[in-house]
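The values are calculated or read from the model by the stated rules, or taken from the named source; none is laboratory data. Since the model is a prediction, treat every value here as computed from it, not as a measurement. Note that we place each Cβ from the backbone using ideal geometry, even for glycine, and neighbour counts take in every protein chain shown.
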Amino acid sequence: MSQSGPIWIYRNYLNCSGCRRCEIVCSLSHEGRIWPEASRVRIFMLVPGIEIPHLCVQCHDYPCVEACSVGALSTSKETGAVLVDKEKCIACGQCIEACPGKIPYIHPTDKYAVICDLCNGDPKCVKVCSEGGWNALQLIRGRVGYNSKLYAKTPEMITTEVMKVLFGEEIAELI
Amino acid sequence: MRGYSGKLLEVDLTTGNIKENRISEGVFRQYIGGRGLAAKILWDRLGERWEEIDPLGPENILLMLTGPLTGFIPGGRICISGKSPQSNGMVGSTIAGEFPIELKCAGYDGIIFTGAAEKPSYLLIKDSDIELKDASHIWGKGAKETVLTLVSETRKEFENKYRGFGLWKEPSILYIGPSGEKLCRTAAVTAKWSHAAGYGGYGAVMGSKKLKAVVVKGTGPLPEVYDLEKTIEYANKIVQVMLNSDSFRRWGTGAAGYTIGAELSSEPVMNWQEEWHDERSYGVDKFELFWVKKFWGDFGCALTCLKLAVIKSGAFKGAITDNPDYENQAYLGTNLGIFDPQSNIYLTWLADELGFCGIQVGNALAFAAELYQRGILTRDDLGGIDLRWGDAKAFADLMQMIARREGIGDVLAEGTYRAALKISKVKGIDVTRYAVTVKGIAVGAHGIRSGKDYPHYVSYPCSVQGGDHTSVAYIPIDHLMGELGIILCDSAIACMFALFNPANWENLWALLEAVTGWKIMPDEWFNVMARRILHIQRAMLLLGGPDLKWNPKIHDSVPSRWYEPLLKGPYSGKALEEHKIREEIKEYYRLIGWDENGIPTSEELKRLGLEDVDRKMKILREQYGSG
């Protein structure tokens, strides 16, 4: 069941329980296996207790698509997702370089860039996260415009910000 | 073989030799994984000379074993085992986190460590790239620094070594703190913050092998399962039951620091002198104010019963820990006469930081405080510490002394029971009566005097893991939350919190079949498979050695403290009666296949194909005059 029209996955890092049920359903859905290192959403835990869901934010200007020199990346008119053509992708890493959040990565065995495809409008990660009441990932319908790109940050940057909020600035500095 | 990779990694720390060790499907079918497989490996390799093996010597074997359900059942867990420096038997001690998932994704069902390294080392696993590395720079470091250093170094190394993959997630880590390095028998194997395989004392075993940490990144998928559709179906059923456990999800075990005392009257207070308190200052409503994350969990968990507590100001500023969970609320709280959340969070954080099991070290701290209360230990004996009930700072100082094995800390580092033997000798007074332990293991924070909590007469005396409250003997024996059932949880490996609701028991059997393809009926489990594992563990426990050996006639018992009446609360006056406990123990022996002296019978062992265990038990039967 896919939604029509663009959608966006809102992320509230403060709510992430670190259960990684998103990684489980994502890899099952895309790979047919439980495979955290091939999940389109990855939970970074650079500091235990500070778990960061890291997944494509669909920037309004799609720098990754721009940077791809072999034309392997395109955008879905329906959902706004970045779509990867596995056949064309040469795993050169230019999309990773271009991404302000360094979000894409290379598939561990098949050597193509892994980017969230929004499950064709019905993201499984959001479902399990809402089902559990954590709501670290939430579905937003409609275009979010320039705001989406604000979320394109590296896990290191997000970890520092979230840690300051959860632990307090002084304690965060000690870590 | 489905649900497994079929391979264990074997690391000889003495020579640095690393190899792969294949396990046959037949062995997995009989022993499943985790605790069961640990019993099999340990018995095969050490059984013949069990009594002579020093748990803290290079001959001991340290095991880290996953199970077939690891990664598929909500909440990833791994079982740590070896000869226990606490019980001298074998304890299967499980710990949550992503470590077992990473290990399976790297292609291994577990790791066997033999020998001992010459200098501080850690093992780095990246799929099949495996390296024993120098750990001198983190030796002596606490939890926080160890974890953060290893995460950042490993990511840097991966980024250099495996270029062009993009950002690397952190690896998963099992490690020890300073207490394990100093061979404190109360030390745990730990993960993240506040995750611990506490029972057994395997932190000291890691320390004795100079193994500071194991760091793993696996980039492959979890092993193939027998029936993927059914695996997802039953895992989801288990998830749904967990999602409906509202109160447990909301408060985790952290609501119990008040209720187990006030309602059930089975919470240790001041070294178990009492088991009742009604201190509202210790309510979950007060703890909740320190929670910065109200749901925190490990791989696939639908309960997320952990809660991240942080103290942001005041004397204990900077303490970060989980919850604390009930056991730590009791053992580093009420049992020390502490009834304020801040002190408890602080002491729990300190125990984490030093790598202690909160139960084991908390039990030893309370034991020392009672000896101080009775004037048996003096302020001089305690290195100048005025160890009064409720004084978190004083207990923190003593905990630090234990971690450094300094002064009296060196005695208490041996764990409560061994410390009691030593102090009795030095002081000329029998202080073992104040040691609330069973077979060298501090009992969990669930007393049995009020009769209202889940453990009962035989729970601790007959457990093959001594005072372990997660592995209690139970009548009827075919109860999933009794020891034979828990052996399944610890072998498969499932978090028992996923199974509190009996609705999930049926799903557990079904999930095991979906993952492995083996149809294991409860009847086969309780009468054959679990019995085999239990008897091997029992044999190892009774063989014991080299420093202590348990005589079932004496040591299959509750702590003598519990023969004293409760002093306060609604069950005031209640105490245990020895003859009743002996009667029920006899009944348990009969049901489980042990003779009148608690030794597995020859008939039972032969029925299960354990002839080699039977040969060793014959010697014990002769010693104890079994009929």
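Remarks
- Leading residue by the ranking (farthest from B:CYS357 (Cα to Cα)) among those in the stretch B:270-313 that are touching a helix residue (DSSP H, G or I) at 6+ places or on another chain (Cβ under 7 Å), of a type in the set (Gly, Ala, Ser) and more than 7 Å from every other protein chain (Cβ to nearest Cβ): B:GLY283
- Of the residues A:VAL25, A:VAL57, A:VAL82, the single one that is within 26 Å of A:GLY133 (Cα to Cα), within 13 Å of the chain's Cα centre (by Cα) and among the β-branched types (Val, Ile, Thr) is A:VAL57.
For (1) crowded, with 24+ Cβ neighbours inside 10 Å; (2) outside the structural domain of B:LEU566 (by TED's automatic domain parsing); (3) within 20 Å of B:ALA392 (Cβ to Cβ), each residue gets a yes or a no:
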| site | (1), (2), (3) |
| --- | --- |
| B:GLU233 | no, yes, no |
| B:TRP251 | no, yes, no |
| B:ILE260 | yes, yes, no |
| B:VAL269 | yes, yes, yes |
| B:GLY283 | no, yes, yes |
| B:PHE295 | yes, yes, no |
| B:LYS317 | no, yes, yes |
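- Single residue of the stretch B:448-483 satisfying the filter (free of Cβ contacts under 8 Å to residues at least 60 places away in the same chain and among the aliphatic types (A, V, I, L, M)) that is surrounded by the most Cβ atoms within 10 Å (Cβ to Cβ): B:VAL472
- When the strands (runs of 3 or more DSSP E) confined to the stretch B:148-241 are screened for residues that are of a type in the set (D, E, K, R), those reaching at least 2 such residues are found at B:211-217.
- Residue pairs whose Cβ atoms lie under 7 Å apart, separated by 6 or more positions or on different chains, with the first residue in the stretch A:29-45 and under 21 Å from B:GLU229 (Cα atoms) and the second of a type in the set (Lys, Arg), are A:SER29/A:LYS124; A:HIS30/A:ARG40; A:PRO36/A:ARG20.
- Considering the conditions (1) over 27 Å from B:ALA235 (Cα atoms); (2) touching a residue at least 40 places away in the same chain (Cβ under 8 Å), B:LEU511 is excluded by exactly one of them, (1).
- Residue match in the stretch B:357-364 (condition: more than 25 Å from B:TRP550 (Cα to Cα) and either over 18 Å from the mean Cα position of the chain (by Cα) or polar (S, T, N, Q) (or both)): no
- One residue alone among A:GLY93, A:GLY121, A:GLY80, A:GLY168 is of a type outside the set (Val, Ile, Thr), surrounded by 14 or more Cβ atoms within 10 Å (Cβ to Cβ), out of contact with any helix residue (DSSP H, G or I) (no Cβ under 6 Å at 6 or more places or on another chain) and under 23 Å from A:LEU14 (Cβ atoms), and that residue is A:GLY168.
- Unmet criterion (only one of (1) in a loop (DSSP other than H, G, I, E, B); (2) farther than 19 Å from A:GLU31 by Cβ) for A:THR109: (2)
- Looking only at the stretch A:74-124, and only at residues there that are among the acidic types (Asp, Glu) and within 14 Å of another protein chain (Cβ to nearest Cβ), the one that is farthest from B:GLY220 (Cα to Cα): A:GLU97
- Just one of the listed residues (B:SER208, B:SER136) is modelled with pLDDT of 95 or more, polar (S, T, N, Q) and within 23 Å of the chain's Cα centre (by Cα), and it is B:SER208.
- Restricting the stretch A:1-24 to residues that are of a type in the set (A, V, I, L, M) and buried (at least 23 other Cβ atoms within 10 Å of the Cβ), the residue that is nearest to the other protein chains (Cβ to nearest Cβ): A:ILE24
- Test: B:GLU279 is without any contact (Cβ under 8 Å) to a residue 40 or more places away in the chain and more than 25 Å from the chain's Cα centre (by Cα): no
- Some residue of the stretch B:523-540 being farther than 30 Å from B:GLU224 by Cα, touching a Pro at 6+ places or on another chain (Cβ under 6 Å), outside the structural domain of B:GLY82 (by TED's automatic domain parsing) and not in a helix (DSSP H, G or I): no
- Total residues in the stretch B:125-138, condition surrounded by 21 or more Cβ atoms within 10 Å (Cβ to Cβ) and in a strand (DSSP E or B): 2
- The set of residues in the stretch B:192-210 that are of a type in the set (Gly, Ala, Ser) and either more than 27 Å from A:ILE175 (Cα to Cα) or out of contact with any Phe, Trp or Tyr (no Cβ under 9 Å at 6 or more places or on another chain) (or both) comprises B:ALA197, B:GLY200, B:GLY201, B:ALA204, B:GLY207, B:SER208.
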